[in-house]
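Written out below as structure tokens is the structure these notes cover.
The values are calculated or read from the model by the stated rules, or taken from the named source; none is laboratory data. Predicted, not measured: the structure shown is a model, and the values here were computed from it. No Cβ is skipped: glycine too gets one built from the backbone with ideal geometry, and neighbour counts run over all protein chains shown. The area values use the complete protein model at the heavy-atom level, side chains included, leaving out ligands, DNA and RNA. Shrake-Rupley method; radii C 1.70, N 1.55, O 1.52, S 1.80 Å.
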Amino acid sequence: MRTLVAAAGAGQAVVRRARIVLLAAAGRPTTAIAAELGCSVPTVRTWRERFRRRGVAGLFDRPRSGRPEQHGPSARLAVVATATSVPPEGATLWTRVTIAAHLAERGLVLSPSTVGRVLAEAKVRPHRVRGWLNRADDDAFWSQAGAVCHLYLDIPPGTLLVSVDEKTGVQAKSRRYPTRRTRPGQAERREFEYRRHGTVSIVAAMDVATGQVLAERIKRNDSAAFIAFLRRLNRLTDPALRLHLIMDNGSSHTSRATRAWLAAHPRITVTHTPKHASWLNMVEQWFGVLTRRLLRRGDFTSREDLEAQITAFTIRHNRTARPYQWRYDADADHARHPQTAPAEYTKAA
């Protein structure tokens with residue numbers, strides 16, 4: 001009885017019946033047991049008698065026959081087969097209603113609620129979707145990823161390692177009515193309607209060793225804007241240092257004009273992240289912080305206001321900036337790939 005009372009998976013009804021038996025065994029009268037457990041006197045008498053006649057098994061409900069099954073395995077199979085097939089023309093997913101209508105046209109009449117129960121039992125969820133990337137395994141991917149990771153783990157001496165990327169199409173939106181700030185017992189309340197004031201694009205460079213960021217607004221995400229940013233970065237960097245850039249393979253980063261400008265400035269070298277590996281670009285972490293702390297819930301009256309707030313956020317960030325603790329899972333499957341990185345990188349990871 002004590003085990004039943006302490007069991008986490010025991011139902012409340014069974015636990016109360018076990019307590020009735022325990023209190024009765026302790027010599028408590030029926031009326032006192034009913035008052036303590038908040039039930040009626042006949043209930044206490046019923047379960048005391050069932051325990052006397054059948055023991056522990058008497059505390060559990062007997063199996064009930066229930067209503068006979070109306071739809072057999074073939075009907076359930078038809079529901080699952082439909083839900084896992086291509087949706088009808090003009091739709092992108094199956095619903096309980098469309099599945100029931102589809103089967104009714106073929107002579108199998110099921111209610112939408114029955115369809116829902118069958119799908120729940122089979123753990124088929126047509127309304128849910130998960131994205132995935134169909135990328136063929138490529139040795140070049142692992143070697144390029146390893147080169148980037150090696151730079152993060154061991155920055156060459158006399159080198160300023162900078163992670164560069166753009167964040168485009170940031171919307172400047174303002175709410176029609178002021179936001180009501182949070183208060184005890186009440187979450188922050190935001191007006192649903194908002195006004196659009198255009199978009200802003202920025203380019204940012206982060207010093208991997210310190211975490212400090214240089215960000216500025218760009219009118220267009222093209223080679224001219226990117227080269228202008230590289231010129232500024234080149235001017236602001238100590239001439240005694242080599243400048244090493246980590247960036248993706250965007251069109252403005254790999255254009256003929258950009259490659260020609262980089263070739264004319266030999267102190268600047270570049271390591272490109274492999275395709276489908278934006279997570280390897282360290283500045284993306286700062287973009288994530290910017291989105292969560294400013295952009296997602298911000299209120300911007302114009303593009304200029306949005307630019308000013310991003311600038312102010314960057315200045316505040318740089319006052320207390322620290323290098324990101326980029327974590328690499330050396331036990332992951334891809335870490336054991338033979339082409340991941342040089343031996344010294346594998347050892348460091």
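Pairs of alpha-carbon atoms within less than 8 angstrom and 6+ residues apart define the contacts here; what relative contact order does region 22-137 have, in percent?
Rounded, it is 17 percent for region 22-137.
Sum -39500 (n - 2.57) across every DSSP H segment of at least 4 residues in the chain, then divide by the residue count to get the 222 nm mean residue ellipticity, nearest 500.
Taking each H run of at least 4 residues, the total per residue is -12000 deg cm²/dmol.
Contour minus end-to-end for T199 and L22, with contour as 0.36 nm per residue of separation and end-to-end as the Cα-Cα distance?
56.7 nm
So, in nm, how far is label Q171 from label V129 when the simple model puts each one 7 Å beyond its Cα toward the Cβ?
Here the answer is 1.9 nm between the modelled labels.
Could you give the spread of the C-alpha atoms of region 34-73 along their three principal axes, from largest to smallest, in whole angstroms?
Projected onto its principal axes, the Cα set of region 34-73 covers 48, 22, 12 Å.
Tell me which trypsin sites (Lys or Arg not before Pro) from region 216-254 have a DSSP coil assignment and no more than 11 other beta carbons within 10 Å of their own.
Answer by residue number: K219, R220.
Could you work out which residue, out of G58, G185, G107, moves most in a Gaussian network model of the chain, that is, has the largest mean-square fluctuation with Cα springs under 10 Å?
Ranking G58, G185, G107 by mean-square fluctuation puts G58 first.
Out of G298, W94, A8, whose Cα points farthest toward the positive end of the dipole of the chain (charges: +1 Lys, Arg; -1 Asp, Glu; placed on Cβ)?
With unit charges placed on the Cβ atoms, the residue in question is A8.
Could you pull the accessible area for M206 with a 1.4 Å probe, rounded to 10 Å²?
Rounded to the nearest 10, that gives 0 Å².
With all protein chains present and a 1.4 Å probe, how do S143, S65 order by accessible area, largest first?
From most accessible down to least: S65, S143.
With no solvent and one point on each alpha carbon, what is the Debye value of log10 I(q)/I(0) for region 157-307 at q = 0.08, 0.09 Å⁻¹?
Log-scaled intensity ratios, in q order: -0.29, -0.37.
Given bins 5 angstrom wide, list per bin the percent of all Cα-Cα distances in region 53-111, short to long.
That works out to 4, 15, 20, 15, 9, 7, 7, 7, 6, 6, 3, 1, 0, in percent per bin.
Among residues other than A225 whose Cβ falls under 10 Å from its Cβ, what is the net charge (Lys/Arg +1, Asp/Glu -1)?
Counting the neighbours of A225, the net charge comes to 0.
Name the most mobile residue of L236, L77, L160, meaning the one with the largest mean-square fluctuation, in a Gaussian network model of the chain with Cα contacts below 10 Å.
Answer for the Gaussian network model of the chain: L77.
Which loop GluC sites (Glu not before Pro) in region 60-166, with loop taken from DSSP, have no more than 15 other Cβ atoms within 10 angstrom of their Cβ?
For GluC sites (Glu not before Pro) across region 60-166 that sit outside H, G, I, E and B with at most 15 neighbouring Cβ atoms in 10 Å, the list reads E69, E89, E105.
Over all Cα pairs of region 51-193, how is the pair count split among 10 Å bins, expressed in % and running from 0 up to the last occupied bin?
Result returned by the calculation: 8, 17, 12, 16, 23, 14, 8, 3, 0.
Using a 1.4 angstrom probe, figure out how much accessible area the chain has per residue, in square angstrom, rounded to the nearest whole.
64
What percent do you get for the relative contact order of the chain when only Cα pairs under 8 Å and 6+ apart count?
Relative contact order for the chain comes out at 16 percent.
Based on the Cα atoms of the chain, what semi-axes does the equivalent ellipsoid have, where each is the square root of 5 times one gyration tensor eigenvalue, given in whole Å with the largest first?
After diagonalising the Cα gyration tensor, the semi-axes are 62, 30, 27 Å.
Can you put Y177, Y194, Y324, Y152 in order of accessible area, largest first, using a 1.4 Å probe?
The residues order as Y177, Y194, Y324, Y152, largest area first.
Taking region 144-210, which trypsin sites (Lys or Arg not before Pro) meet the DSSP loop condition and have no more than 11 other C-beta atoms within 10 Å?
For trypsin sites (Lys or Arg not before Pro) across region 144-210 that sit outside H, G, I, E and B with at most 11 neighbouring Cβ atoms in 10 Å, the list reads R176, R181.
Under a 5 Å amide H to amide H cut-off, with H placed in plane at 1.01 Å, what residues pair with L160 once short-range neighbours are removed?
Under 5 Å from the amide H of L160: R242, L243, H244.
Report, to the nearest whole %, how much of the accessible area of the chain belongs to carbon and sulfur atoms, 1.4 Å probe, protein only.
Here it works out to 51 percent.
Positive end of the dipole of the chain, charges at C-beta (+1 Lys, Arg; -1 Asp, Glu), about the Cα centre: which of S143, P178, Q309 has its Cα farthest in that direction?
P178
What does the charge count around R125 come to, taking other residues whose C-beta lies under 14 Å from its C-beta (Lys +1, Arg +1, Asp -1, Glu -1)?
The answer is +4.
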